[in-house]
1. How many residues does region A:27-68 contain that are facing chain B (nearest Cβ under 8 Å) and crowded, with 18+ Cβ neighbours inside 10 Å?
2. Let me confirm something: among B:R466, B:R472, which residue is among the basic types (K, R), within 11 Å of chain A (Cβ to nearest Cβ) and in contact (Cβ under 8 Å) with a residue 24 or more places away in the chain?
3. All but one of (1) closer than 20 Å to C:S182 by Cα; (2) within 12 Å of chain C (Cβ to nearest Cβ); (3) modelled with pLDDT under 85 hold for B:A575; which doesn't?
4. For residues in region B:395-414 being touching a residue at least 60 places away in the same chain (Cβ under 8 Å) and within 16 Å of B:R352 (Cα to Cα), which is nearest to the other protein chains (Cβ to nearest Cβ)?
5. Does B:A544 fit the bill of being more than 14 Å from chain A (Cβ to nearest Cβ) and of a type outside the set (V, I, T)?
6. Would you pick out the residues in region B:350-380 that are in contact with a Gly (Cβ under 9 Å, 6 or more places away or on another chain) and either aliphatic (A, V, I, L, M) or within 13 Å of B:A509 (Cα to Cα) (or both)?
7. Given B:L446, B:L507, B:L528, B:L459, which one is out of contact with any Cys (no Cβ under 6 Å at 6 or more places or on another chain) and not assigned by TED's automatic domain parsing to the domain that holds B:L303?
8. Being among the basic types (K, R), surrounded by fewer than 18 Cβ atoms within 10 Å (Cβ to Cβ), at the interface with chain B (Cβ under 10 Å from one of its Cβ atoms) and out of contact with any helix residue (DSSP H, G or I) (no Cβ under 8 Å at 6 or more places or on another chain): is that true of A:R106 here?
Amino acid sequence: MLEITGLHVEFGGLHALNNLDFTVEEGEIVAVIGPNGAGKTTFFNVVSGMVKPTEGRLLFQGRSLLGLDPNKITARGIARTFQNVRLFNNMTVLENVMVSQHCRTRQRILDALLQTRRFRTEEALVRDRGKEVLGFFGTRLTGYRFDQPASVLSYANRRRLEIARAMATSPKLILLDEPVAGMNPVESAELTQLIGKLRDEMGYTIVLIEHDMSVVRDISDRVVVLDHGEAIARGTYAEVSANPQVIEAYLGQTTDGS
Amino acid sequence: MTVTGKISAIRGAGPAPAHRRRLLDQDWPRLLRAGAVLALGQVFIALSGMPVSFDRRLLIDPVLSLGYLSLLWLPLVVGYWVGREQVLEGMAAYTRGGRDVAAGAIAGLLGNAGLTLLVLGITHFDIRDPLVNWSPQLLDILEFEESVWLGTLIWPAIGAGTGALGGGMHWAGSRTSRTTVTVLLSVFGTAVLESVITDLTQGFHVEAVSDWLYGPKRGLTYPAAIAVAATAVGVMTGLAAYRASPARDGRTTRGNGAATVGGSESARPAWRRMPTRRAMNLVLTVAAIVVLPLFLGRLTNELLANVGLFILLALGLNIIVGLAGILDLGYVAFFAVGGYSVAVLTSPGSPRFDPEIPWFGALFAAMLLAGLAGLFIGAPVIRMRGDYLAIVTLGFGEIIRVLLLSDWLSGTFNGAQGITNVPGVEVFGLATVRGFEPRSVLYLVLVFCAIAVYVSWRLENSRIGRAWMAIREDENVAEAMGVDTVSAKLMAFVTGAVLGSFSGAILSAKVGSVFPHSFAIIVSIVILVVVIFGGMGNIPGVIAGAVVLIGILGGPNQPGLLQEFAEYKILIYGALLVWMMLQRSEGLIPNMRRARELHIDEMNQDVWLRAQAAADDAHNEGGNPRGGRL
Amino acid sequence: MHKTTKQRTNVDWFLTVLRVTSLAMIAAGLLAFAAQIIDSNNPFARWANPDAISLTGEQFQGLVVTGLAQGAMYGLIALGYSMVYGVLGFINFAHGEVFMVGAMTGAITSNKLAEAGYWESSFVLCLMLVVALSVVVCTITAVIMERVAYRPLRGKPRLIPLITSIGVSFFLQNCVLVLLGSTVKSYPDLPNWLTDKRTFLEIQGSKVLVLAVAALAMVGLWYLVEKTKTGQAMRAVAEDAEIASLMGIDVNRIIVKTFAVGGAMAGVAGILWGLLFRSVIHTTGFLPGIKAFSSAVVGGIGNLGGSMAGGLTIGVAESLGPLMILEPLGVSGPSQLRDAVAFAVLIIVLLVRPSGIFGERLPSEERT
């Protein structure tokens, strides 16, 4: 589904990503792990179009993503969340998931001004779809929450809303940047389960960056380990965690995660 | 406070026992600072010329002029401010009392000592050369036309008095102080607004009221002042009684319930979703707005027409600045495009385009041209950083003004002479709107304001409106969520430009002429102040901002209610903008989009989680926020 | 290095067209100008503007020197914008008014000195005194401004201090209006050696003086920023205020000093304005202020040398542009379009090189 070959990203002589090859098959959950500064988030930024690669090929469903604006990439079917939650804080919860359906809707300014049938049916669809997506997280983001500004949500709910917002773009591939960071163990376990459901029930392909090894172990089909912008290992969690190079670079330092 | 003191204060959680402090147990450094600020302020006001130029304008017939009022309000405010000592939660609570009054009095006394110095200064030195208001007239006013000694001694006394009054507001309790403020405001308001109230009474054919209220020198007479004060007290008491009555409580709850239910309906058009009560209110308001101009006098209609022009401009800028978050400082360009296109196309006095076309045709052309101008100005700036964008748009605004003024294009725009003889608006043969009939202009303006409000309201709750808000919140994320930020921002420019061109088109028909100097940068700035003052991104807020500011102070080239302040208008706009940003950057009516009250449990959970995350960061490593657990 | 090509949108095409057209216009204007210089009767010259009058060498030199002198003044003001932008990351819109306050101070004190008779008898001493006073007043104004209006807004989104500074700008302007009145204040007559044209290469003495003072101020600033401990601290704060404070630098103090130095430069520029134009009014600061900001952007904001170079660029462009580009293209009354030319330079530079001619130097988080 996603094929990346020979990806280079340089910031002023610094190699953030170095000759990275990466593939994701449809229906997979792939975890990207690595120490801080390994280039994980840069990798997401490149795939979502926010950073232009210096070199390399980026194919999504067989078509190149190079040179596309982020919004066009989202329209192709790649959505993402952010490591430091970035919601539209002064918009309501429902508006947050409505705005991210932008690239799936077609109404024009005149439709809104004239209240055409197209406008009304589309608004209703967008609203219902938004509620449906928020309903994925149980009752946490529904009911009176619809009309609350995103800024009043709790930290965990903001993370959930970010995922909901990504889902509302109707993607095929979701990039989750540390989805459980800052959550307590109970919430983290629950979200892990939900990520599994995202794939199994909603049919999304998922790439996630995660530091919490229990999450990685529980849900990922494959793991790719980045260090200094290079992929130093790939395979199942068991394979990777047994890889001496990985242990040396990284797992050897602490053992608490696994 | 020492560290141990702090710790003991924290340990003794819960409010400390309230105690009464002695009169002179004050925060002296703070008082001195307040006194110094007040002294500077008073001397500034005195030297700015307000006392002299407002001296003739009486407020309460023989005793108080606007000139003296300009020297009285600041000690009151400062007195109120120093009386309000911050009471940190659970640390030091004390009963409000004489100490607050004393603080106000001391600050007022110290501050007005500045005026004493000024009196002595003016008697002994002559520096009228740079300071134009360092004049004998000012001295006369400061001395009450008596002697130097009176002048030097009375001001600190007055300061102590007004300061004490300000400080006493805290002691008196909220009811009393609110009543006092209302009484003061209504008396001075009635006095200051003499011209417009006279105009109103004439409109309703009750000139007797204004004849009775105002003396020959435009000030309130004694009995009138007392009557106004009494009315104010009466209204306050009546309102308080109404608020306390159970009947109203029942209604508010029902109203809220209806609003909540209404919000979640779906596919029906918006007007059908509106709860009946709100619809009724809307109908009543519209009816009032339609009927009212018939009863208003020339002056008020003229004033409201000006306010309306600025409401149009502010709603347009609100789409660009308030919704899409683009700081456009050259908004006046679109105003100019509207004004000049209509003038060039309709006026027989314009040098080019001879077959003149009717106003509505010209309006269509103006909209088209403004839209194009929006694209042309928008496209180059759209990818720039916010602050570069501000300067470049300002540059565009200035370029357009310079071009209108230039000899080069004077074949079309007639240079500095401007275009005159712009005819009025023929409304489909039914009526003609002309500048010398302010009522007709007001109706025209109201129609376009209604259009602008409708457009803003519909767009705000549509796909493009949500995209604009997302861009305002976080442009990069909006882009990553599939919003085509470039075209959305361009659309904001175009929509704002078209709304601004309405205003220009009406202006040129209203005034009957356009000149380049009507479109100076200051117009952009005033519109921006209106939008910010009212509350960015909020339609009622923006309208309220325009009504309050343009209505009272007036636009850059239009007089407001306080015509006396014309000279000080821009000074006040500048100060207001700074003050707004420092104290209340969300504006008069903040843009709390359907915000419900915060839920305390969630907030607490949030705080706890953030503390956890921070602890984790500290545990793992410094730099990366919310770093790994591995 | 970039092997990836961007897919172009309509806006990109429009911008490319705009870039090409504006550069082509400039080129055409210059070519027509050259054609008129070489032979005012050749067909190209006549095609563009049959009535064009070409410049004499002397006029040309005069325009260049005037442009340079004004540009040096813009450059000095631009330094204040640039330093504040470098350290705090916002445009202090009110900086132009600080400059106006300087020019006003100069006008008032020099007139007082002239009344007392010192201005003619010991001009150089008086000028130094006037400059010193103006610098002091401007520094105080700038520091108060920072303390009252900007410090409470530290850490807010940067459009908030920008909007505040617009308010400060109009407030200051109108303070001067109500305190000092709306009449034009003129500077007393300058001694002959400054007004005559025979001092040096047929250049008016005052312009030479302006250039010399600007150069001196620039050297002083360079020394302060590059060689002193304060300058080192300023650069550290500009790079990353948080880290700098961890290194034991008092960030507030440094910011105050930055404003103070910027204010001092504006004070010097104010006197230069007085020497060049000999009159000042409360609105004097506005346009030069914006043009100075444009200079800072054109030179690359945060880059001190760039600011001065940008100032010179804008000064020369608005002095020569109307006659060298607009007039040959047949624009009548081109000198009226000076201000438009200055802003056009800003827009074109930002279109062609978004980070200025000499590149920006900005705090790390602004770069991305």
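The values are calculated or read from the model by the stated rules, or taken from the named source; none is laboratory data. These numbers come from a predicted model, not from an experiment. All Cβ positions, glycine included, derive from the backbone under ideal geometry; neighbour counts span all protein chains shown.
1. 5
2. From the options B:R466, B:R472, the qualifying one is B:R472.
3. With (1) closer than 20 Å to C:S182 by Cα; (2) within 12 Å of chain C (Cβ to nearest Cβ); (3) modelled with pLDDT under 85 applied to B:A575, the lone miss is (3).
4. B:L405
5. Yes; evaluated as a whole, the condition is true for this residue.
6. Once the filter is applied, which keeps residues that are in contact with a Gly (Cβ under 9 Å, 6 or more places away or on another chain) and either aliphatic (A, V, I, L, M) or within 13 Å of B:A509 (Cα to Cα) (or both), region B:350-380 yields B:W359, B:L363, B:A366, B:M367, B:L369, B:A370, B:I377.
7. B:L528 is the lone residue from the list that is out of contact with any Cys (no Cβ under 6 Å at 6 or more places or on another chain) and not assigned by TED's automatic domain parsing to the domain that holds B:L303.
8. no
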